[in-house]
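Computed from the coordinates by the stated procedures, all read-outs in this text should not be read as laboratory data. Please read these numbers as outputs of a predicted model, since none were measured by experiment. We place every Cβ from the backbone using ideal geometry, glycine too, and count neighbours over all the protein chains shown.
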């Protein structure tokens, strides 16, 4: 069968696409990606940070980007906290908070490709911390209440609704 | 303009264009690749993209697919110059662009690479990131083995991916059917007249499809622009391999890009839609009138009769369609279909002339605001500018009383004003030429009988309900 009509239809659609009105401005994928892949301690784009706090669409897209490059991620805890001790699985990893002063975050299962960063999301609150290298198969991070990010991470991880990304 | 894509596709496409600030030509190329208007093989750009990513992986040694995603999403690699600056001198580059080790025949230039990366962003971010994780996983595999086999495998995956996307978001069947009908109607002819457009619309109305007259005219615009390109396509469709008919492809590619890149109505429509805030150089109603006259670019210059028909009876027909959608409001269907409310060609011609005169006046005012140093000018020019100054004081429109704001407003609108004024002047000349050949009143009455008959017959069911 002749391809002419098909090509004309495709050209027609291409012309129409070129004429479609420009979208309402929003934070671009590239800026969100740069934020999702940033190295610990590097400067952040404040416009992105603001959008992530106020714009659910930007947050959704950001978390999609984060999930795609995470070694493991979990949006909900499989098992709820028992109060004093929290355990949850994030992909192949077991994540545990050992209460004490300070509380300790222990991450096991990091044999082949240990994560270097943890990012937690609860509602529109997010926190990101670099992880130390594993020692004898376990990554241990002190959730020191003197460090605001660490304190926030501990608080958020105790909530089963908290999403966890291991990067 | 109606046309074969859904909102999701428009948003995905626009996000890439805006994010990378792509040139018009690159946007046009991407639009064609997305809709599939590439011959002889519409998967060729994906083959090139997969090979370019493999070559970049060979050159940059990514840790995993993430690093390739970073390259594809980087708006700093949106131009040939940027790509050349970043990658020339790398292991898999020659002086003209990228090559892929182990795939002797494959090569892309720097401008090609910039386009392919835009396509990469599109396939990654399509469906508002719906498949981002999947495509990133494919890039992980490529990063692990960036060779010719890996590239070929990725190319197949991307081709299937984009093909599924087209099935979901580019409903082309109706457009294709209409073009097939149009080709059948013309019976192999490439040239057509205003009478052909009307007769084809009548036939479509009688067949029960009931497309808008404006919609049908839009199809003729595409046909006029594309018909000479599709000649000889039959021989191409049998292309056995991706490399076959290279010469043909280059020729077609160049011609097809011209077609969409040189498509100026987008600019006109966009200019009118995004008219800068500020002094009321054009009111909302004037912009709507202009958009209505100029929507069938280039027919407002070349086919004034079809332009008048679309403006007059096309509007009647969209009124009927709107009324049917709403179910209520305004005149009833039978009354509308009789075209008693249709605007006469004489009135439309007069309105176009008034718009052209208004725009010419605004252009003179723009010149007066801009040219403040007049000593070296000729007597005649100075007099004209002085007259424009005097005229400016007579304009009663919002924002015209504040000189500083007015100067800034005109400066912001200058490009748009020049272009719209030029096209409106061409419309006015085309309409004046038509009026000299055919008395507008007689022509309008004859057309009204034709449109009233077609519309009344087509909407008889609803009119009686």
Problem - Among B:164-174, A:126-136, the order from most to least packed when residues are scored by Cβ within 10 Å on average - result: B:164-174, A:126-136
Completion exercise
Contour minus Cα-Cα span, residue B:325 to residue B:393, at 0.36 nm per residue, comes to 19.9 nm
Handout entry: 17 Å cut-off, amide nitrogen to a point 7 angstrom out along residue A:159 Cα→Cβ, residues in the stretch A:46-65
Key = A:52-56, A:59-60, A:63
Problem - Debye log10 I(q)/I(0) at q = 0.13, 0.19, 0.31 Å⁻¹ for the stretch B:383-436, Cα point scatterers - result: -0.49, -0.85, -1.09
Problem - Where the Cα pairs of chain B fall when distances are cut into 10 Å bins, in % - result: 4, 16, 22, 21, 18, 13, 5, 0
Exercise for the section: Specify, per residue and in Å³, the volume enclosed by the convex hull of the alpha carbon atoms belonging to the stretch B:353-400. Expected result: 77 Å³
Problem - Between 0 and 90°, nearest 10: helix B:440-458 axis offset from chain B longest Cα axis - result: 60 degrees
Completion exercise
Shielding of A:36-43 by other chains, given as the mean Cβ count within 10 Å, works out to 1
Handout entry: Principal semi-axes in Å for the stretch A:1-74 [√(5λ), Cα gyration tensor, largest first]
Key = 37, 17, 11
Exercise for the section: Just subtract the alpha-carbon distance of residue B:378 and residue B:457 from 0.36 nm times their residue separation and send over the number in nm, one decimal. Expected result: 22.1 nm
Practice task
Please work out the Cα center distance from the stretch B:151-178 to the stretch B:55-98, rounded to the nearest Å.
Solution key: 26 Å
Completion exercise
Between residue A:89 and residue A:123, the two model label points (7 Å from Cα along the beta-carbon direction) sit apart by a distance in nm of 3.0 nm
Practice task
Provide the descending list of Cα extents for chain A along its principal axes, expressed in whole angstroms.
Solution key: 73, 37, 29
Problem - With Cα atoms, 0 to 90° folded angle of helix B:194-206 axis to chain B main axis - result: 80 degrees
Handout entry: GNM result for chain A, Cα springs below 10 Å: residue of A:101, A:59, A:112 fluctuating most strongly
Key = A:112
Handout entry: For B:18-30, mean number of other protein chain Cβ atoms within 10 Å
Key = 2
Fill in the blank from the handout: Here the relative contact order (percent) of the stretch A:72-167, from C-alpha pairs under 8 Å and at least 6 apart, is 34 percent
Exercise for the section: Count, for each residue of B:273-280, the Cβ atoms from other chains sitting within 10 Å of its Cβ, then give me the mean as a whole number. Expected result: 1
Problem - Angle between chain B longest axis and helix B:246-261 axis [Cα atoms, degrees, rounded to 10] - result: 40 degrees
Completion exercise
Note: residue B:358 to residue B:156 extended length (0.36 nm per residue) minus current alpha-carbon separation gives 67.1 nm
Handout entry: Fraction in percent of alpha-carbon pairs per bin - 5 Å, the stretch A:72-167
Key = 3, 14, 28, 29, 20, 6, 0
Problem - Virtual spin-label span in nm between residue B:442 and residue B:8, 7 Å along Cα→Cβ - result: 5.5 nm
Handout entry: Sequence ranges B:449-455, B:196-202, B:283-289, ranked by mean other-Cβ count within 10 angstrom, highest first
Key = B:196-202, B:449-455, B:283-289
Problem - Alpha-carbon radius of gyration plus Dmax, which is the widest Cα pair, for the protein assembly as shown in Å - result: 30.2, 95
Problem - Label-point gap, in nm, between residue B:464 and residue B:186 - each point 7 angstrom along Cα→Cβ - result: 3.7 nm
